[in-house]
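One structure is given below, encoded as structure tokens.
The values are calculated or read from the model by the stated rules, or taken from the named source; none is laboratory data. It should be emphasised that the depicted structure is a prediction, and the values quoted were computed from it without experimental measurement. Note that each Cβ is placed from the backbone with ideal geometry, even for glycine, and that neighbours are counted across all protein chains shown. SASA here: full protein model, heavy atoms, side chains in, ligands and nucleic acids out. Shrake-Rupley method; radii C 1.70, N 1.55, O 1.52, S 1.80 Å.
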Amino acid sequence: MAHPSAVSLLLFLAAAAASALADLHPEFYSETCPDAELIVREVMWMAMIREPRSAASVMRFQFHDCFVNGCDGSLLLDDTPTMLGEKMALSNINSLRSFEVIDEIKTAVEAVCPRIVSCADIVIMAARDAVALTGGPYWKVKLGRKDSLIASQEDSNNIMPSPRSDARYLIDLFGRFNLSTRDMVALSGSHSIGQGRCFSVMFRLYNQSASGQPDPELDPDYRLKLDKMCPIGGDENATVDLDATPLVFDNQYFKDLVARRGFLNSDQTLYTWSETREYVRLFSEDQEEFFKAFVEGMIKMGDLQSGRPGEVRQNCRVVNGQQMENLMEY
């Protein structure tokens, strides 16, 4: 049995963490920075005109940020001599891109509302706009998050799934964050836009389950297409469309899964796994139902918080004061 003083300490820490949780609501900046969402949307739109792939990249920032100790902008922090950040974590290195878009948004917001809008909130707003501006649904986002003072590569490595993951693993992972199986399948629909690296599909093409053979669930014609785009000995950083309409947020991703043309193993198993197949079929047949479930999942994910102390960073890549300290060292 735990010592009474230890129990008291745990209760105190739990209460402190709970009190540190931000009260998130859509009107958080209505008085302090009423143009915040408009600025984010305009910069996001310009970034997409310049590089269409940035929409998918920025949308995924919400996933990779929120799953690692809550939606706190920790993903955006650069490494320091004393901290290994999350950008070089296994699921992020050579995969996540477009950090400069968040920098551009932050600069534009700071010019109008200095030290008001957090980087964590910018990620949430920009992810929503990336979806809406590519044909997907629009929804009101809750705001009022603080930016983390730290980041953890280890935590990211321990939490984020790999392309080899299957539906069972994803159900359990999302469940840890109070996200249902329906939420997980709908949120996997984020792969409606964007591309994936050949690295992520090589084992499916040539050595599924260490068999020395391709994944039998792959449509033969699709496998031949992937063989040409991702040959053995080829550039594993080359990219392939995640579905047949990679610039449009729609339900084509789910139609592709039904046709056994899912790019990632973690995608295709959503159709081969009995617990998730019904949702894949539903979303493949009813785009509005997919959009509704996706929005619900994104809002629930956006509510994830660690309860740790935070701030509103002036530069999303460094904690406040650190940039000046770095300059003084030189």
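Structure data summary
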{"item": "Members of the range 57-90 that are surrounded by 19 or more Cβ atoms within 10 Å (Cβ to Cβ), among the polar types (S, T, N, Q) and part of a loop (DSSP other than H, G, I, E, B)", "result": "Asn69"}
{"item": "Any hit, the range 48-69, residues being among the β-branched types (Val, Ile, Thr) and more than 28 Å from Ser200 (Cβ to Cβ)", "result": "no"}
{"item": "Enumerated helices (runs of 4 or more DSSP H) restricted to the range 129-225, each holding at least 1 residues that are open to solvent by less than 20 Å² (accessible area, probe 1.4 Å), more than 20 Å from Ser74 (Cβ to Cβ) and of a type in the set (A, V, I, L, M)", "result": "167-175, 181-188, 202-206"}
{"item": "Failed item, numbered, when Lys106 is tested on (1) more than 21 Å from Ser266 (Cβ to Cβ); (2) in a helix (DSSP H, G or I); (3) under 17 Å from the mean Cα position of the chain (by Cα)", "result": "(3)"}
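For (1) under 21 Å from Gly302 (Cβ atoms); (2) touching a strand residue (DSSP E or B) at 6+ places or on another chain (Cβ under 8 Å); (3) touching a residue at least 60 places away in the same chain (Cβ under 8 Å), each residue gets a yes or a no:
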{"position": "Ser57", "(1), (2), (3)": "yes, no, yes"}
{"position": "Asn69", "(1), (2), (3)": "yes, yes, yes"}
{"position": "Ser74", "(1), (2), (3)": "yes, yes, yes"}
{"position": "Leu77", "(1), (2), (3)": "yes, yes, yes"}
{"position": "Leu90", "(1), (2), (3)": "no, no, yes"}
{"position": "Ile102", "(1), (2), (3)": "yes, no, yes"}
{"position": "Lys106", "(1), (2), (3)": "yes, yes, yes"}
{"position": "Ile116", "(1), (2), (3)": "yes, no, yes"}
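Conditions (1) among the basic types (Lys, Arg); (2) surrounded by 21 or more Cβ atoms within 10 Å (Cβ to Cβ); (3) at pLDDT 95 or above, marked per residue:
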{"residue": "Ala14", "(1), (2), (3)": "no, no, no"}
{"residue": "Leu21", "(1), (2), (3)": "no, no, no"}
{"residue": "Thr32", "(1), (2), (3)": "no, no, yes"}
{"residue": "Ala36", "(1), (2), (3)": "no, yes, yes"}
{"residue": "Val43", "(1), (2), (3)": "no, yes, yes"}
